[in-house]
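Enquirer: Would you mind keeping the following structure in view while I ask a few things?
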Amino acid sequence: MAITTPIVKKTPAVRSRPRPGATLAFWAFVAPSLIGLLVFTIVPIVWGFLLSLSHAQNTIHPGHFVGLRNYADMLTDEAFLRSLVTMVLYSLFIVPLTWAMSLGLALLVDKAGWGRSFWRTVFFIPSAVSYVVASLIWRISLFNGLSFGFMNHLLAPFGIHPIAWIGTVDPPWYWLVLVTLRLWLQVGFYMIIFIAGLQEIPKTLYEAAAVDGASPGWPMLRYITLPQLRNTSISVLMLNLIGAFQAFDEFYNILGGGGQSAGNASLARPPLVYLYSTALGDQDFGRGAAGAFILTALICAVTLIPGKLFGLGRSEK
């Protein structure tokens, strides 16, 4: 007896059509961001590039096309080159100090048995303070150069006469003002990043090292903690380097428009302050835009290339 198999009719797959309301809702949410990105980012970049190729004096409209002449002028401008030296010097102070201090605070706070959240908050709060406000506090109250200034008041019991912290060029005490301000503002932020990295380290690594006879302290830090924080450390260093290259507020507000007073103009005017003076002070928007693109290229070079060489993002195992 033959067994017949029932024929099953396959129903064609029904494709769901997108609802008109969902498409409209999508564009309603995305359109403001796209418009803002276009108007406030893409258009200014393109417009600035056109200005950098033009003779734009006292106008923000591209004028006579000069090609790469503005770039050549900036690369041979002694004042602009001195501002790059200032940027390098500032980075040499800020980057390693911020890395060391933020890592040290992260290790201390992470090991705190009580009040861990309190100490995290205390050290993180300065990062929410405006750079302009902090610069004015440093200039008017802490390092004002008068006898009743905070720092001079602390030094008075040791027989040290009041120091003009900002106006003194030999020695250049204004560097102490600039560096301490930036450290106070950003160490707490990078401390939080290091704490997040410390919490991602498996505790079993420390337990295994302890079983093998490794003593706590420096051996654990050197052979376990620091290697496991490699990606975090590179990220912190790169972010610090970018921030140092973009320094503006503290120089402009503490040194009075970029340190253009006699004696310290060559050491206390970073590129952004010089470009601000060129574009808005001299109204030379073509050279100012060219310098901005040169600075952008330098930032990309000193961040992307070391990040690639050190293997940013590579697995830590």
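The values are calculated or read from the model by the stated rules, or taken from the named source; none is laboratory data. All figures in this text were calculated on a predicted structure; none of them were measured in a lab. Backbone-built Cβ (ideal geometry, glycine too); neighbour counts: all protein chains shown. In case anyone asks, the SASA skips ligands and DNA or RNA and just uses the protein heavy atoms, side chains included. Shrake-Rupley method; radii C 1.70, N 1.55, O 1.52, S 1.80 Å.
Enquirer: Are there any pairs, at least 6 apart or on different chains, whose C-beta atoms fall under 7 Å, with the first in the range 101-115 and modelled with pLDDT under 90 and surrounded by fewer than 21 Cβ atoms within 10 Å (Cβ to Cβ) and the second assigned to a helix (DSSP H, G or I) and not hydroxyl-bearing (Ser, Thr, Tyr), and if so, which?
Expert: Final answer for the pair search is ASP110/ILE195; ASP110/LEU198; ALA112/TRP119.
Enquirer: If you don't mind, there's one more thing I want to ask. Write out, first by first residue and then by second, each pair whose Cβ atoms fall under 6 Å of each other, whose residues are 6+ apart or on separate chains, and whose first residue, in the range 190-205, is more than 22 Å from LEU241 (Cβ to Cβ) while the second is among the polar types (S, T, N, Q) and assigned to a helix (DSSP H, G or I).
Expert: ILE201/GLN228
Enquirer: Give me a count of the residues in the range 144-168 that are in contact (Cβ under 8 Å) with a residue 40 or more places away in the chain and crowded, with 17+ Cβ neighbours inside 10 Å.
Expert: So the count comes out to 1.
Enquirer: Here is a follow-up. Is there a residue being open to solvent by less than 60 Å² (accessible area, probe 1.4 Å), modelled with pLDDT of 90 or more and among the aromatic types (Phe, Trp, Tyr) anywhere in the range 68-79?
Expert: Yes, the range 68-79 contains at least one residue that is open to solvent by less than 60 Å² (accessible area, probe 1.4 Å), modelled with pLDDT of 90 or more and among the aromatic types (Phe, Trp, Tyr).
Enquirer: Now a separate question. Quick check, is ILE140 under 23 Å from the mean Cα position of the chain (by Cα), among the aliphatic types (A, V, I, L, M), open to solvent by 80 Å² or more (accessible area, probe 1.4 Å) and on the phi < 0 side of the Ramachandran plot?
Expert: The answer is no for ILE140.
To keep it simple, each residue is scored yes or no on (1) touching a strand residue (DSSP E or B) at 6+ places or on another chain (Cβ under 8 Å); (2) in a helix (DSSP H, G or I); (3) at pLDDT 90 or above.
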| position | (1), (2), (3) |
| --- | --- |
| PRO216 | no, no, no |
| SER235 | no, yes, no |
| ILE242 | no, yes, yes |
| SER261 | no, no, no |
| SER266 | no, no, no |
| LEU272 | no, yes, yes |
| SER277 | no, yes, no |
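Enquirer: Residue check, TYR174 against (1) modelled with pLDDT under 90; (2) aromatic (Phe, Trp, Tyr); (3) open to solvent by 40 Å² or more (accessible area, probe 1.4 Å), all met but one. Which one?
Expert: Checking TYR174 against (1) modelled with pLDDT under 90; (2) aromatic (Phe, Trp, Tyr); (3) open to solvent by 40 Å² or more (accessible area, probe 1.4 Å), the one that fails is (3).
Enquirer: A further question on this structure: Taking the conditions exactly as written (modelled with pLDDT of 90 or more and either under 30 Å from ASN231 (Cβ atoms) or within 18 Å of the chain's Cα centre (by Cα) (or both)), does PHE124 satisfy them or not?
Expert: yes
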